[in-house]
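Below is one structure, written out as structure tokens; comments come after it.
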Amino acid sequence: MQRSLVMTVLGEDRPGLVDSLSSVVTEFGGNWLESRMSRLAGQFAGIVHIAVPSDREHPLALALRNLDAQGLKIVVHSGRAESTVPPQALSNLEIVGQDRPGIVRQISHALAAFGVNVEELQTECSSAAMSGETLFKAQARLRIPESCDVAALRKELEKIAADLIVEIALETSP
């Protein structure tokens, strides 16, 4: 029987971190299923989903925690079966505008108020081509429940966009 594990990984970025992690997973018969990893402010940060034989779950978790000696902080969580919530199509949200504090807070607050689940969020700040000002960009994958009034959600997002002077594009699936 296979067990599902989800782990978070954090450490000072250097070559060989993913190799160290994947070597331990393989040593205990684990299968690397999916991951999201990135270098942020000189730190390596990631989240990894693996499957492992149930009798090897605890030894693997201990071995992963021992990577602390190599500068990796790893937290291991037992995964659970996917929820029995009816499947919903994923929608995309894009935000672009001059950076300012509170953009993520205002957008995420509006989404939560409409019962929208943020499945994935990627943000970055970069220098605008012409002006050199800091430009904020975000892309999100959203799961919008059938009960959500999408027109009202769009209206709320447009209001926030006008207040923050950012462009917001919500692409919903039928």
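Taken together, the values in this text are just the output of simple stated rules run on the coordinates, not laboratory data. A quick note: this is a predicted structure, and the numbers were derived from the prediction, not measured. Positions of Cβ are backbone-derived with ideal geometry, glycine not excepted, and every protein chain shown enters the neighbour counts.
How large is ³J(HN,Hα) for each residue in segment 24-37, as worked out from phi by the Karplus curve 6.51 cos²θ - 1.76 cosθ + 1.60 (θ = phi - 60°), to whole Hz, x for Gly and Pro?
5, 4, 5, 4, 9, x, x, 10, 6, 8, 7, 7, 9, 9
List, in order, the whole-Hz ³J(HN,Hα) value for each residue of segment 107-113 obtained from phi through the Karplus relation with A = 6.51, B = -1.76, C = 1.60 and θ = phi - 60°; use x for Gly and Pro.
Result, ordered by residue: 5, 5, 5, 5, 4, 4, 4 Hz.
So, in nm, how far is label Ala169 from label Asp13 when the simple model puts each one 7 Å beyond its Cα toward the Cβ?
2.7 nm
Just how large is the dipole of the chain about the Cα centre, in debye to the nearest 20, putting +1 at every Lys and Arg Cβ and -1 at every Asp and Glu Cβ?
Dipole of the chain, to the nearest 20 debye: 280 debye.
Stretched out fully, how many nm does the piece from Glu94 to Glu158 gain, at 0.36 nm a residue minus the Cα gap?
Extending this stretch completely gives an extra 21.8 nm.
Would you mind giving the three semi-axes, in whole Å and largest first, of the ellipsoid equivalent to segment 1-114 according to its Cα gyration tensor?
31, 22, 11
Which FRET efficiency value, to the nearest 0.05, do you get for Cys125 and Leu33 by plugging their Cβ-Cβ distance into 1/(1 + (r/R0)^6) with R0 = 22 Å?
Plugging the Cβ-Cβ distance into 1/(1 + (r/R0)^6) gives 0.10.
Could you please report the charge total around Cys148, scoring K, R as +1 and D, E as -1 over all other residues with beta-carbon less than 13 angstrom from its beta-carbon?
Taking every Cβ under 13 Å from that of Cys148, the sum is 0.
Which lysines, if any, have their Cα less than 30 Å from the Cα of Lys73, not counting same-chain residues under 8 positions apart?
Those lysines meeting the cut-off are Lys137.
Can you tell me, using C-alpha contacts under 8 Å and at least 6 residues apart, the relative contact order of segment 90-171 as a whole percent?
About 47 percent, as a whole number.
Taking a ≥ b ≥ c as the square roots of the eigenvalues of the Cα gyration tensor of segment 50-164, is the shape rounded (a/c under 1.5), prolate (a/b larger than b/c) or oblate?
Oblate.
For segment 53-70, just list the computed ³J(HN,Hα) in residue order, Karplus coefficients 6.51, -1.76 and 1.60, θ = phi - 60°, integers in Hz, with x standing in for Gly and Pro.
Values, residue by residue: x, 4, 6, 10, 4, 5, x, 5, 4, 5, 5, 5, 5, 5, 5, 4, 5, 9 Hz.
What value, in deg cm²/dmol to 500, does the helix sum -39500 (n - 2.57) over DSSP H runs of n ≥ 4 give at 222 nm once divided by the residues of the chain?
So the helix-based figure for the chain works out to -8000 deg cm²/dmol.
Considering amide H positions built from the backbone, and no H for Pro or chain starts, which residues 5 or more places from Asp13, or on another chain, come under 5 Å of its amide H?
Placed amide hydrogens put Gln43, Phe44 under 5 Å from Asp13.
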